[in-house]
1. Give the residues of the range 647-675 that are buried (at least 18 other Cβ atoms within 10 Å of the Cβ) and within 41 Å of the chain's Cα centre (by Cα), sorted by residue number.
2. Report whether or not residue 693 is within 33 Å of the chain's Cα centre (by Cα) and at negative phi.
3. Could you list, in sequence order, the residues of the range 676-710 that are surrounded by 15 or more Cβ atoms within 10 Å (Cβ to Cβ) and without any contact (Cβ under 8 Å) to a residue 40 or more places away in the chain?
4. Select from the range 316-368 the residues that are within 29 Å of residue 256 (Cβ to Cβ), within 20 Å of the chain's Cα centre (by Cα) and part of a helix (DSSP H, G or I) and list them in ascending order.
5. What number of residues within the range 557-576 are assigned to a loop (DSSP other than H, G, I, E, B) and touching a residue at least 40 places away in the same chain (Cβ under 8 Å)?
6. Having 1 or more residues that are outside the structural domain of residue 682 (by TED's automatic domain parsing), in contact with a strand residue (DSSP E or B) (Cβ under 9 Å, 6 or more places away or on another chain) and closer than 30 Å to residue 783 by Cα is the bar; report the strands (runs of 3 or more DSSP E) wholly within the range 692-737 that clear it.
7. When the residues of the range 240-270 are filtered to those that are surrounded by fewer than 21 Cβ atoms within 10 Å (Cβ to Cβ), out of contact with any strand residue (DSSP E or B) (no Cβ under 8 Å at 6 or more places or on another chain) and closer than 22 Å to residue 85 by Cα, which remaining residue is modelled with the lowest pLDDT?
8. Please enumerate the residues belonging to the range 577-598 that are modelled with pLDDT of 95 or more and assigned to a loop (DSSP other than H, G, I, E, B).
């Protein structure tokens with residue numbers, strides 16, 4: 001039934017290495033829940049417990065149960081099992097109280113007891129009669145506790161709630177000290193128990209109700225599984241035989257039905273198999289069926305590369321979801337470059353989304369190795385293109401991706417030649433070195449003969465020949481293969497040192513970066529700025545190029561310089577300078593156009609705005625502001641530039657404006673508190689502004705603007721308020737780095753975050769420290785090549801080791 005080609009690997013060494021026994025921890029509990037469900041529906045109950053309610057009449061009360069479950073829980077029933085098989089479906093139980101038998105059966109089906117104190121002695125008698133040792137032992141302990149408490153006072157409610165612990169192969173009661181009446185604590189979680197009407201309906205009740213004693217024995221499910229294993233070993237105690245490929249497997253209908261929706265339907269809807277002693281399963285692998293049936297009685301599955309596909313197929317046909325889950329776990333745990341494509345085909349066949357994701361990740365992480373496997377050549381062109389175009393494709397060099405694509409085409413060159421251009425357009429040739437283009441790419445014949453392939457090589461060659469124009473030739477093929485945006489900090493006024501030329505990225509740009517608040521985060525240094533330091537400068541990102549403008553240098557000279565950083569090559573390029581110098585201004589990018597808005601020009605607060613044309617590398621003035629702004633904040637919404645706050649000579653401004661390059665500013669509803677050197681960020685339905693100073697002190701009030709109401713309102717306070725800090729929104733997390741505190745007259749190296757998707761919680765968190773104490777720092781985010789990050793991290797570790805030695 002299974003194709004031999006689907007086996008992971010046929011070598012003996014691989015078989016031994018990858019063979020695993022997997023245990024389903026939820027099997028025992030789900031097995032009991034299945035028994036409960038069938039009992040509630042009255043399905044497959046093959047034994048009736050009969051209570052004689054009167055010796056003078058034939059009146060009796062019947063309790064339908066599952067014989068195999070009762071036998072697995074009770075030794076006396078197990079000893080009578082074969083006799084019960086032969087003599088019928090009725091078992092007289094004498095004059096047991098119906099309520100007590102209900103409680104007893106509730107324990108058998110759920111492992112829980114909910115009993116009044118006056119019935120415990122009767123429950124001991126029933127447990128002894130049926131040979132249920134665990135329940136007998138627990139009730140005897142309970143009787144002793146009740147007897148010791150009867151002198152002079154009633155039991156407290158805390159004393160009525162117990163869990164069970166296992167010690168030296170015995171079950172002992174343990175009081176639940178964590179339970180507090182009315183506290184809402186759930187030491188005893190909602191579970192199944194028996195209602196007071198005497199029927200074996202397993203109804204959920206929370207903790208103590210009606211002054212009952214409540215006990216939950218979580219070990220009962222394990223005991224049931226062990227009991228079922230012992231019963232299945234004896235063919236005379238089974239009620240059905242499964243046959244596949246001429247092999248027979250003894251089992252119990254009710255066990256099959258609790259674990260398999262296929263068998264549940266077969267045995268409960270009146271099919272002929274309901275009464276047949278032997279059920280023949282056609283087109284089912286005997287080997288796979290044996291593994292699945294064994295799982296039903298043990299909760300474990302033995303898997304290897306040679307069997308996982310047939311076990312998965314049988315579990316899929318028989319609808320045994322827990323076995324399917326175990327097969328998924330196995331496929332994911334044993335995933336490698338050698339077998340990930342086989343796993344992917346199984347994922348497609350059986351709709352295993354987690355396996356599909358894991359296989360995709362493995363392929364993307366190991367494409368050079370995966371391309372050497374036989375299965376790689378069987379990918380469709382669409383599947384191959386999806387991998388090649390992914391930003392998550394992890395290759396040391398882009399030429400490795402080219403070699404993988406070329407190997408796929410050359411496998412069947414005659415039929416795949418027409419697909420060469422379609423496949424190769426997803427290779428990022430501009431990211432290759434010129435030597436790789438000449439040595440590896442141009443040497444491949446179809447790269448010379450196919451017109452689209454030739455054009456791709458020409459495009460990459462031009463990209464390398466004119467590095468000063470690369471930023472005008474951006475496309476999907478020039479983008480870095482990475483999906484991890486890294487937080488970047490650069491420049492700043494470092495305490496006791498002045499303007500810094502250094503630039504760093506945060507190795508793990510996540511608010512969840514494991515760190516203590518006092519620890520320096522894992523910053524990695526890259527190429528310094530091409531100036532003697534920068535502070536109060538501004539940055540913007542377009543097409544993953546970082547643009548840096550203005551600010552002061554180490555000698556406090558105001559600059560109009562403008563440059564660009566390329567994370568692909570870790571290099572800086574000088575560009576055309578702004579029309580005049582600026583500091584404390586906003587640099588914003590809209591539709592690949594960069595705007596420098598306001599600032600301090602060395603003599604006065606500036607009201608001019610300059611616009612930079614990336615293609616032409618020129619600046620020109622555009623519509624001016626209505627008033628000069630410096631230390632203001634900006635935010636882009638719907639491709640529109642919004643500005644807030646700023647400074648006059650003596651105090652903070654409270655203005656809020658919409659700026660349009662063609663017409664200038666439109667005044668909107670002002671802030672409640674004037675402020676400068678603050679941050680503004682977009683949130684759902686509006687903006688928020690945080691921090692800043694008003695000329696004499698920091699402003700702790702956080703304000704929120706509503707697009708709907710068109711008003712600002714104070715919503716909370718920033719506990720560790722700063723001004724002159726760098727800030728950036730990465731994903732939906734706002735980072736606030738460094739800054740100055742008026743209250744303490746000190747600089748800081750704190751990195752604080754606020755999650756903007758749940759900003760209303762105002763969960764300000766200090767996640768770590770900058771490499772230095774500073775203000776006037778600029779913050780942004782970039783995509784770095786994965787190989788560059790690996791090499792940079794390795795170099796940093798070596799330097800650290802050298803310093804230590």
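The values are calculated or read from the model by the stated rules, or taken from the named source; none is laboratory data. As the structure is a prediction and not an experimental result, all values here were calculated from the model. Here the Cβ positions follow ideal geometry from the backbone for every residue, glycine too, while neighbour counts run over all protein chains shown.
1. Residues satisfying the conditions are 656, 657, 659, 671, 673, 675.
2. On the way: within 33 Å of the chain's Cα centre (by Cα): no; at negative phi: yes.
No.
3. Selection gives 686, 700, 701, 703, 704.
4. Of everything in the range 316-368, those that are within 29 Å of residue 256 (Cβ to Cβ), within 20 Å of the chain's Cα centre (by Cα) and part of a helix (DSSP H, G or I) turn out to be 325, 326, 328, 329, 330, 331, 332, 333, 347, 353, 354, 355.
5. Looking only at that region, the number is 4.
6. 726-730, 733-737
7. 270
8. If the condition is that a residue be modelled with pLDDT of 95 or more and assigned to a loop (DSSP other than H, G, I, E, B), then 577, 578, 579, 580, 581, 582, 584, 585, 598 are the ones that fit.
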